[in-house]
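*Asks:* So that we are looking at the same thing, I have put the structure below in structure tokens.
The values are calculated or read from the model by the stated rules, or taken from the named source; none is laboratory data. Remember, it's a predicted structure, so these values are computed and weren't measured experimentally. Positions of Cβ are backbone-derived with ideal geometry, glycine not excepted, and every protein chain shown enters the neighbour counts.
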Amino acid sequence: MQDSYNKVFENNRQWVEEMKSTNADFFKNLAEGQTPEFLYIGCSDSRVPAEDLMGLKPGEIFVHRNIANMVNNIDMNVNSVIEYAVSHLKVKHIVVCGHYGCGGINAAMQSTDLGLLNPWLRSIRDVYRMHQEELDAITDQHQKFDRLVELNVQEQCINVVKAAAVQKGFVQNGYPVVHGWVFDLKTGTLKDLNIDFEGILHHIQKIYDLTESTWSVPKMEK
């Protein structure tokens, strides 16, 4: 146990030397501030490291992670991150990234009392309830599991769009643009769900609008 702990500091030493060998001013520049274009909201799962899977460096992604990449409307943590990222860092993109094989999604599909996790998982079960007809029509359990992962990402993206900072930022600047992704652990690839935000928001904008403006989140051109 102590060896694995000590190894972290040795890894850090080697990483520092590696960074300095390619750019002597790397840490000097890093200390001067951050201007990330991405806010990444992902799962806490140890197998899904944001910077690595996106191929980006320190300072290029503002990151928030929790169990099952949730954007709970009354969670001050994630909402504070969104507010800061949009209003102060001026991020251009907000990504909600789930992953196939998510333990939180799997737990929410079980009829089991998990104590303090129950309220958190209830929000995922709410996603199931909203899409119950589609999900119950899927007979293969693995496919149903994967589809709930995707639908959960979609619903959390919608929760992002409900935020006043996101709406106001988009009206004023044309960004941030919201994206829903899924990471496939078996292949290492990212999947853009290409969520039809325009179609979804057309039906719900009047309920969640906080700007008295006409806004929508467009699809990004490939």
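*Asks:* For Arg129, only one of the following conditions fails: (1) surrounded by 13 or more Cβ atoms within 10 Å (Cβ to Cβ); (2) part of a helix (DSSP H, G or I). What is its number?
*Replies:* The one condition Arg129 does not meet is (1).
*Asks:* So, in segment 132-144, of the ones that are out of contact with any Phe, Trp or Tyr (no Cβ under 8 Å at 6 or more places or on another chain) and assigned to a helix (DSSP H, G or I), which residue ends up surrounded by the fewest Cβ atoms within 10 Å (Cβ to Cβ)?
*Replies:* If we take residues in segment 132-144 being out of contact with any Phe, Trp or Tyr (no Cβ under 8 Å at 6 or more places or on another chain) and assigned to a helix (DSSP H, G or I), then Glu133 is surrounded by the fewest Cβ atoms within 10 Å (Cβ to Cβ).
*Asks:* Looking at segment 81-88, can you tell me whether even one residue there is without any contact (Cβ under 8 Å) to a residue 24 or more places away in the chain and closer than 25 Å to Asn118 by Cα?
*Replies:* No, every residue in segment 81-88 fails to be without any contact (Cβ under 8 Å) to a residue 24 or more places away in the chain and closer than 25 Å to Asn118 by Cα.
*Asks:* So Ala163 ticks every box in (1) surrounded by 20 or more Cβ atoms within 10 Å (Cβ to Cβ); (2) touching a strand residue (DSSP E or B) at 6+ places or on another chain (Cβ under 7 Å); (3) aliphatic (A, V, I, L, M); (4) closer than 25 Å to Lys92 by Cβ but one. Which box is left unticked?
*Replies:* Status for Ala163: all satisfied but (2).
*Asks:* Under 9 Å by Cβ, and 6 or more places apart or on different chains, what pairs join a residue from segment 194-222 that is closer than 14 Å to Asn159 by Cα and surrounded by 11 or more Cβ atoms within 10 Å (Cβ to Cβ) with one that is at pLDDT below 85 and among the basic types (Lys, Arg)?
*Replies:* Short answer, once both residue conditions are applied: Ile195/Lys219; Phe197/Lys219.
*Asks:* So His203 ticks every box in (1) in contact with a strand residue (DSSP E or B) (Cβ under 6 Å, 6 or more places away or on another chain); (2) farther than 28 Å from Asp52 by Cα but one. Which box is left unticked?
*Replies:* (1)
*Asks:* Also, I was wondering about something else. Check Leu121, Leu53 and return the single one that is in the same structural domain as Lys162 (by TED's automatic domain parsing) and within 14 Å of the chain's Cα centre (by Cα).
*Replies:* Exactly one of Leu121, Leu53 is in the same structural domain as Lys162 (by TED's automatic domain parsing) and within 14 Å of the chain's Cα centre (by Cα), namely Leu53.
*Asks:* Listed residues Tyr100, Tyr84; which is crowded, with 16+ Cβ neighbours inside 10 Å and on the phi < 0 side of the Ramachandran plot? Show your work before the answer.
*Replies:* Details: Tyr84 fails: crowded, with 16+ Cβ neighbours inside 10 Å.
Going through Tyr100, Tyr84 in turn, just one is crowded, with 16+ Cβ neighbours inside 10 Å and on the phi < 0 side of the Ramachandran plot: Tyr100.
*Asks:* Here's a follow-up. Any residue in segment 50-64 that's farther than 17 Å from Leu190 by Cα: show its pairings with residues that are at pLDDT 95 or above and part of a loop (DSSP other than H, G, I, E, B) at Cβ separation under 8 Å, as long as the two are six or more apart or on different chains.
*Replies:* Cβ pairs passing all conditions: Gly59/Pro36; Glu60/Pro36; Glu60/Glu37; Phe62/Pro36; Phe62/Leu89; Phe62/Val91.
*Asks:* Kindly provide the set of residues from segment 71-81 that are assigned to a helix (DSSP H, G or I), exposed (fewer than 15 other Cβ atoms within 10 Å of the Cβ) and not hydroxyl-bearing (Ser, Thr, Tyr), ordered by number.
*Replies:* Selection gives Met76, Asn77.
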